Structure formats: structure tokens, C-alpha cells
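Read the structure below first, then the notes.
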Amino acid sequence: MRHGVKLSKKQSPKTNEELKRMLDIPYASAVGNIQFAAQCTRPDIAYALSVISRYQSGFVFKLNGGVVAWKSSKQDTTADSTTEAEYIVASEAAKEAVWMKNYIQELGVVPSIAEPVVIFCDNNEAIAQAKELRSHHRSKHILRRYHLLREMVGRGDVRMDRVSSAENTADLLTKPMSQIAHAQHLGKMGFR
């Protein structure tokens, strides 16, 4: 999806003729096919698919330089701030990271993984909140289930590190980008 494109109700069919024409378009089937592609082989179209969602979040997992998993979805909780939104998705990513780490160990691919899984985040406040094992006025309203992230960081299961917004590959799944940025992030994910 091209950066700067805005969708609005003004683009909806206005006449009976336009409405009839839209009834012939297999919209639900098309969306289902696009969802399948976004989930299985085309992570780069996830944002365009979910453009009607205001609170889109996503994460990308790499192992030895290759993408092994990604997720782009609408957050089920409305965040009051960018920090809260980033903290929520970091919590979801941490749960997935711990599961993936355990799964890889069970497969016997590697005997053990002693190092914490690194979760990159482009929000300094979200990183700070994940590292603090106490509540304060800025995080007291965040649902308790997301504070599992703090426990995982405290136990050493995951580590939160800073990444610049320009280098944040997961942004490909959550926001429109210029063609150049889109191509760069696709390249980082191993897609061409």
C-alpha cells in the first residue's frame, strides 16, 4: 500500500447502479484469499489487508538470519499511547519467543539455548517499562496479563533491545511505507 493513501466513506458506492456492481464482486472470498497469502507467504501485504484496523501490531522472528515466523494482527486492547501499544505487542512477542525457544530445544535442533531471545523495540519507554519490575503512574492502567513481559525479562527468557524505527522490520507489517522502505524491509526478511 502506497504511503499517504487514505480510505474514506466518500469512496463507497453512492448510486443504486454502483451498489449492484459491488454485489457482483466476491469481496469476502478475495479477503480470505489475501489473508491466506499474508499469513503463509506474503507478510508484506499484511498492513494493506488490515488498513481498516487502527491498532495494528506485528512482530517478526529471525533465526540465523532467516525469518521463521511473523504475525500481524489487530490488537484486542485499545492502547492509550504508542508506548502502551508497543509494550502490548512486545508482551505478545515475548510469549511467542519463549514458546519458539522451547520448541526448537525439544526438536533437538540445538541442545540448549542459554541466551535470552532478543526482542527489538523502537520505543524507549516500552523498553524501560519492560525492565522495571514495579508499577508506576504511566503503566498502572495496562492490563495485568501484559506485565508477564516484565517477568520474562526478569527471568532472562527475553531481553529488550532498542532498534531505530528505520531499522524496525516489523513496521512492514503495521504501517504504510515508501516503496524504497518496503523493499528494504522485505530484503531484511529474506523476500525479494
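Laid out as a table, the results:
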{"read-out": "Fewest-first ranking of M100, M22, M152, using other Cβ atoms within 10 Å as the exposure measure", "value": "M22, M100, M152"}
{"read-out": "Pairs beyond 25 Å (Cα-Cα), from K20/K175; K95/K175; K131/K188; K14/K71; K10/K188", "value": "K20/K175; K131/K188; K14/K71; K10/K188"}
{"read-out": "Gain on full stretching of the segment that runs from V67 to Q184 - 0.36 nm per residue minus C-alpha separation", "value": "40.7 nm"}
{"read-out": "Fewest-first ranking of E151, E115, E86, E125, using other Cβ atoms within 10 Å as the exposure measure", "value": "E115, E151, E125, E86"}
{"read-out": "Cα→Cβ-extended label distance, 7 Å offset, between V110 and E17, nm", "value": "6.3"}
{"read-out": "Residue order, fewest to most beta carbons within 10 Å, for L148, L173, L19, L107", "value": "L107, L19, L148, L173"}
{"read-out": "Projected label distance in nm at V118 and D161, using a 7 Å step from Cα toward the beta-carbon", "value": "0.1"}
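All of the numbers you see were taken from the coordinates with simple rules; none came from a lab. As the structure is a computational prediction, the values presented were derived from the model and not from experiment. Here the Cβ is made from the backbone with ideal geometry for all residues, glycine too, and neighbour counts use every protein chain on show.
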